[in-house]
Amino acid sequence: MNEAARSFLRAIGAPLGAIALTMALGFLLVASITDEPVQAYRDLLFANFDSLGNFALFLNRATPLTLIALGVIFSFRAGVFNVGGEGQLYAGAIAATVVGVFFADLPAVILLPLAVAAGIAAGAFLGWIPGVLKVRLAVDEVVTTLMLNTIVLLFTSYLVNQVIRDTSAYGAVSRMVAKSIWLPPMPGVPGATSGFLVAVVLALVTWVVLFRTEWGAQLRAAGINLRFANAVGVPANRRIISAMLVAGGLAGLAGALYVLGIGHRFEQNFSPAYGLVGLTCALLARIHPIGALATALFYAMMLNGAAYMQISTDVPRSLVNLLTGLLVLLMTARLRKSGLRG
Amino acid sequence: MTDNDTILSLRGIAKTFGEKVALKRVDLDVRRGEVHVICGENGAGKSTLMNILAGIHQPSAGEIVLNGEPVRIPDPIAASAHGIGMVHQHFTLVPSMTVAENLFLGRQPRRLGLFSDRAAMVDRARELSLRYNFGLDPNAPVGQLSVGQRQRVEILKALAFDAKLLILDEPTAVLTPPEVDELLQVIDGLRARGRTILFITHKLREVKSVSDRVTVIRHGESISTHRTADVSEADIARDMVGRDVFLVGRKGDGAARSFGAPVLKLDRVSMTNSHGRLLLDAISFDVRAGEVMGIAGVDGNGQTELSEAIAGLMAIQGGAIELCGRDVTRASVAERQEAGLGFIPEDRLDRGLGVTMSVAENVAATNYSRAGILRHGFVDRGRLDAFAASKIKEFDVRGAQASTPVGWLSGGNMQKVVIARELERDPALLVVCQPTRGLDIGASEFVHERILAAADRGHAVLLISSELSEIFALSDRIGVMYSGRLMRVLDRAVADEATVGTLMNGGEAVAA
Ligand SMILES: Nc1ncnc2c1ncn2[C@@H]1O[C@H](COP(=O)(O)OP(=O)(O)O)[C@@H](O)[C@H]1O
Ligand SMILES: [Mg+2]
């Protein structure tokens, strides 16, 4: 057990060190911009916890990030470099919206599961396409997932502008989904979506599936070495496609939960590049589901904290992009080093 | 001590890479004009020592005395200035260039000190090749040469620098048996011309046949130096491993062994690649229960394809494969495993293991339900680790715990993990490919014992190896493959190395 504890410490020591170093460098930077660096940094890190309202917004940010990161973890563990999180997210959001808008008369017990299922299915379908193309025709998944992102974004833009637009509102937003299927807020935190609880549970489920089932072991074997997986009788192609179905499904669920729990409608600009940030969260967590929950919370804190910091001081919120970029740099440098050791 | 006879002495050479001690203390005297073999298991530090002589590494301690003078060898250029030439374990030739261009890469003869003089270069290359009787065409692109010919280019490259002391780092590892014989002759010829040769190997047969003296290195220390004539193979093996070694095999027993019914039947199995080239040409044979069927052949004559066809990893275009009475011609890998297939692939890192996964996950890969690792459908970590621990113990996997990434182990211990996994299913047929490639004596001994034990328990074993001594030591029958064809199947009793060697090169055997 001592051995396990030590390896756990080593595993989290590196990311914590990188975060601490990033924060220290960031502080120097902030100090060079503003007269009140302490205030700026306090806002960046702690304004999220100033009020229940801020805390709710923080959890709402973390929810889609966690779910997308979990999806990315499934696909990466199966050896698929899936960068299609954004498209899968949008597909899930639009599918849930369409169901929630057009079948508003159905009773909630039917409509809610239907909307969620539609979101999952739409995302899963978007994951399935690059998965099958990779397995059957050896088409590079980076290209297909990136292209699908563009296609889906343009397609949802068409739908929201031409088909389900709320003409009484500004901007490209759809009509509201039936109020009966809005998700309840999280107990004790009004304004925070209960979708966050779903994300937490799914992080645990992902860990169990990947590391405590034979199916997960086979999926990882396919990702680590396809020729090895084949030789030990793993149906590797099927596992890869399944992983992409799950990956897309999780990102689709992120979209559906956003619509049902936070936006209550489809907004064309609802995502500040959740797909990309979710991918970063997964990588920083070394494609580990529990770690991804932590990195998603960290990113949510930074994204929202930057806004508070910009309001109260004259530090631009884009500082946070710089900091997160720096963090990625430090973390990957660290990854290379540990890679060499192996 | 450094009299005229001694060209090179090393005194207390040590080398550490960070925390890793590659060489602890090596003393070595090399006499002018001798062939001196350095012998030791994988990882003993042979290459590191030679790289120090070649100026690639700097020693952490110790002294190098060359021709009576203490020297420093800061880089490879200094090494060649001292007359030391090295042929590396891994070739360093440019495949798209010709033999002559490779020989003089970076130091072409110049005309007017500026333009490279191609004609002079080709002439010199031809002359060199003739002088040493290497039979190389100076204008042939290196990429088109056989492995043995490429190696001769490497040797010639060192000689073109006028190396007095030639170092060959495991030159025979990549060669076929006839090529090995040719190389040994080349070395004889060089000795006759007064060159001094340091020859690295861990194969005992070569030590005996080529060398004047032999120095054994174990765990970074020089253990002993003997005149080769004074020691037996077993003596050298004992020094290498540090204990008595039993070279296992069927050879001695001579007792007629009885076999069961055929477990594997191949009927005119054929395979073509996407360009229509025939990789397997109507191969038919049986392997019976309790029997070791050896397949000999030079690498690349269809053995890999044969093993992958039987394992279900490559599709065949003609013929049928039957395993334990079931037609598995079109069956998946998993179905064949179900029918009784165990498969030890030729490349552990490529097919045999997921190197970044733990020892436990590798050994459990095909055995989750069989070994009772699952509880209510979930992997029970305690049972997984216990299963791995029992296999680590049973198969003597050194330096491993259940959670160790399997890629951290040495080659021999990785191979033990593969074998442990495949034997767990108690397969009726065990297909074993190049099982001791890259393993040291101790590990090879262990692997051979396991293979024979499997046959004794009534498993059918198909052993595919390009190592003739292995085939002869273990097999009850020997098939020889050449160019995708199964040339002949011989009973062990009537097979001899000459016949099999001829067949391996495509020649018709004269003897039966
Ligand atoms: N560049 C290096 N860095 C770290 N360790 C090394 C390096 N080169 C060799 N070693 C280690 O030194 C030991 C001896 O290696 P080597 O000289 O290649 O053995 P041999 O040639 O006898 O098989 C091995 O344990 C190997 O892992
Ligand atoms: Mg070596």
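Read-outs: derived from the displayed coordinates by stated rules, not from any lab. Computed from a predicted structure; not experimentally measured. Glycine also receives a Cβ, built like all others from the backbone with ideal geometry; neighbour counts cover every protein chain displayed.
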Completion exercise
Quick shape check on the range A:34-102: root eigenvalues a ≥ b ≥ c of the Cα gyration tensor, a/c under 1.5 is rounded, otherwise prolate if a/b tops b/c, else oblate, and it reads oblate
Fill in the blank from the handout: Among beta bridges assigned by DSSP with both residues in chain B, the antiparallel ones amount in percent, to the nearest 5, to 60 percent
Fill in the blank from the handout: Place a point 7 Å from the Cα of A:Val205 in the direction of its beta carbon; the residues of the range A:254-277 whose amide N falls under 19 Å from it are A:254-262
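Could you list B:Phe446, B:Phe199, A:Phe49 so that the one with the fewest beta carbons within 10 Å of its beta carbon is first and the one with the most is last? Provide the component values of the computation, followed by the final result.
Values: B:Phe446 20, B:Phe199 24, A:Phe49 12.
Sorted ascending by nearby Cβ count, the order is A:Phe49, B:Phe446, B:Phe199.
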Exercise for the section: Using 0.36 nm per residue of separation minus the Cα-Cα distance, give me the extension gain between B:Arg277 and B:Ser332 in nm, one decimal. Expected result: 17.4 nm
Problem - For the range B:472-491 and the range A:210-266, distance of Cα centres in Å - result: 46 Å
Exercise for the section: Order by neighbour count: B:Lys20, B:Lys157, fewest other Cβ atoms within 10 Å first, most last. Expected result: B:Lys20, B:Lys157
Practice task
Treat each spin label as a single point 7 Å out from the Cα along the C-beta direction, and report the B:Ser270 to A:Thr213 distance in nm.
Solution key: 4.5 nm
Fill in the blank from the handout: Cα-based Rg then Dmax for chain A, in Å, read 20.6, 64
Completion exercise
Simple SL model, points at 7 angstrom along Cα→Cβ for A:Asp50 and B:Asp75; separation in nm is 6.2 nm
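Taking every residue in B:335-342, how many Cβ atoms of other protein chains lie within 10 Å of its Cβ, on average? Write down the numbers at each step before the final one.
Details: counts 1, 1, 2, 1, 0, 0, 1, 0.
What the average comes to for B:335-342 is 1.
Averaged across orientations, what area in nm² does the convex hull of the alpha carbons in chain B project? Write down the numbers at each step before the final one.
Values: hull surface 110.0 nm².
The Cα convex hull of chain B, projected and averaged over all directions, gives 27.5 nm².
Inside 10 Å of the C-beta atoms of A:221-230, what's the mean count of C-beta atoms belonging to other chains? Please report the intermediate quantities before stating the final value.
Numbers: counts 6, 1, 2, 6, 9, 0, 8, 13, 4, 7.
Per residue, the average neighbour count from other chains is 6.
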Practice task
Sticking with the crude label model, points 7 Å out along Cα→Cβ, report the distance from B:Ser403 to B:Ala261 in nm, one decimal please.
Solution key: 4.8 nm
Practice task
Let me know the charge dipole size of the protein assembly as shown about its Cα centre in debye, to the nearest 20, where only the beta-carbon of Lys, Arg (+1) and Asp, Glu (-1) is charged.
Solution key: 1160 debye
Practice task
As a check on your grasp of the helix formula, calculate [θ] at 222 nm for the protein assembly as shown: sum -39500 (n - 2.57) over DSSP H runs of n ≥ 4, divide by the residue count, round to the nearest 500.
Solution key: -15500 deg cm²/dmol
Exercise for the section: Using 0.36 nm per residue of separation minus the Cα-Cα distance, give me the extension gain between B:Asp350 and B:His226 in nm, one decimal. Expected result: 40.7 nm
Completion exercise
With the convex hull built on the alpha-carbon atoms of the range A:38-156, volume per residue in Å³ sits at 158 Å³
Handout entry: the range B:44-108-the range B:353-407 distance, computed between alpha-carbon centres (Å)
Key = 44 Å
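Whole-Å semi-axes of the range B:3-241's equivalent ellipsoid, largest first, each the root of 5 times a Cα gyration tensor eigenvalue?
Details: eigenvalues 185, 86, 52 Å².
Gyration-tensor ellipsoid for the range B:3-241: 30, 21, 16 Å.
How high is the FRET efficiency between B:Glu497 and A:Arg227 when r is their beta carbon distance and R₀ equals 41 Å, given to the nearest 0.05? The partial results should precede the final answer.
Values: r = 34 Å, r/R0 = 0.82.
E(calc), rounded to 0.05, equals 0.75.
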Exercise for the section: Rank the residues B:Lys391, B:Lys203 as a footprinting-exposure proxy: fewest other Cβ atoms within 10 Å of their Cβ go first. Expected result: B:Lys203, B:Lys391
Fill in the blank from the handout: Surrounding charge for B:Gly300, neighbours by C-beta under 15 angstrom, Lys/Arg +1, Asp/Glu -1, total -4
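Dividing the convex hull volume of the alpha carbon atoms of the protein assembly as shown by its residue count, what do you get in Å³ per residue? Each step should come with its number before you reach the end.
On the way: hull volume 200.8 nm³, N = 854.
Dividing the Cα hull volume of the protein assembly as shown by its residues yields 235 Å³.
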